[in-house]
Amino acid sequence: MVAFLHLLFKSLALFIYIFGGYFTSNYIIIFVMCVILLAFDFWVVKNLSGRLLVGLRWWSMIKEDGSSEFIFESLQDMSDITALDSRVFWWGMYAAVGMWSLLLFVGVLRLNFQYMPIMLAAIFMTSANMWGYMKCSADSDNKLKLFQQGVSAAATTMGNNSSMMMNFISSSVMNMANAQQQQQQQTTRQMEV
């Protein structure tokens, strides 16, 4: 459902822009419909599909001094994210920016400047989301590399104390198994009474 919404508003905005002239000759109606659909798309991508399809989230925060700070988040556990969802998300983002850029190029070649504000708004909104998610993805990759380096360093440090660590782990597992066995025996006794 989220992947469908991710592609729906992008497709509808492109459809209205390309084929809207066949339904109405009123530029204002086409402009307003495209901008509304692009705003819906921006909101869906930023607040739903980015978080649910690729586990990424970004936003900007205004500091007290008036400057803005961008904050990037990513899920720690990416097991719920499928490769198909990720591909749909990224290809939808790239395709939208590419299509609107191509339409802008064609519009300039045809000297059709009336529709230029729609194309520029579309490129700006889709590019802003794409930039945010690319930065978020890069930030997530950096965090993963730092985590892997930390684990590697910890494993190296523990390599010297590996027998002590193995004894600790095995005794912990045995203690948990014994506790679970005692709990099962108590439950069995209570059911017999």
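Rundown of residues vs (1) at pLDDT below 90; (2) among the hydroxyl-bearing types (Ser, Thr, Tyr), yes/no style:
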{"site": "TYR94", "(1), (2)": "no, yes"}
{"site": "TRP100", "(1), (2)": "no, no"}
{"site": "LYS145", "(1), (2)": "yes, no"}
{"site": "ALA153", "(1), (2)": "yes, no"}
For residues in the stretch 100-130 being under 11 Å from CYS34 (Cβ atoms) and in contact with a Gly (Cβ under 8 Å, 6 or more places away or on another chain), which is most open to solvent (accessible area, probe 1.4 Å)? TYR115
What about ARG57, is it touching a Lys or Arg at 6+ places or on another chain (Cβ under 9 Å), open to solvent by 40 Å² or more (accessible area, probe 1.4 Å) and not in a helix (DSSP H, G or I)? yes
Could you list, in sequence order, the residues of the stretch 125-143 that are touching a Leu at 6+ places or on another chain (Cβ under 9 Å) and at pLDDT 90 or above? MET125, THR126
For the stretch 39-54, how many residues meet the condition of being farther than 17 Å from PHE72 by Cβ, open to solvent by 50 Å² or more (accessible area, probe 1.4 Å) and free of Cβ contacts under 8 Å to residues at least 60 places away in the same chain? 2
Can you pull out every residue in the stretch 1-38 that is open to solvent by less than 70 Å² (accessible area, probe 1.4 Å) and of a type in the set (Gly, Ala, Ser)? ALA3, SER11, ALA13, GLY20, GLY21
Selection status of SER67, over 13 Å from the mean Cα position of the chain (by Cα) and either modelled with pLDDT under 90 or among the hydroxyl-bearing types (Ser, Thr, Tyr) (or both): yes
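Does PHE89 count as at pLDDT 90 or above and either in a loop (DSSP other than H, G, I, E, B) or surrounded by 15 or more Cβ atoms within 10 Å (Cβ to Cβ) (or both)?
Criteria met by PHE89.
The values are calculated or read from the model by the stated rules, or taken from the named source; none is laboratory data. All values reported here derive from a predicted model rather than from experimental measurement. Heads up, the Cβs are rebuilt from the backbone with ideal geometry, glycines too, and the neighbour counts pull from every protein chain shown. Accessible surface areas use protein heavy atoms only, side chains included; no ligands, DNA or RNA. Shrake-Rupley method; radii C 1.70, N 1.55, O 1.52, S 1.80 Å.
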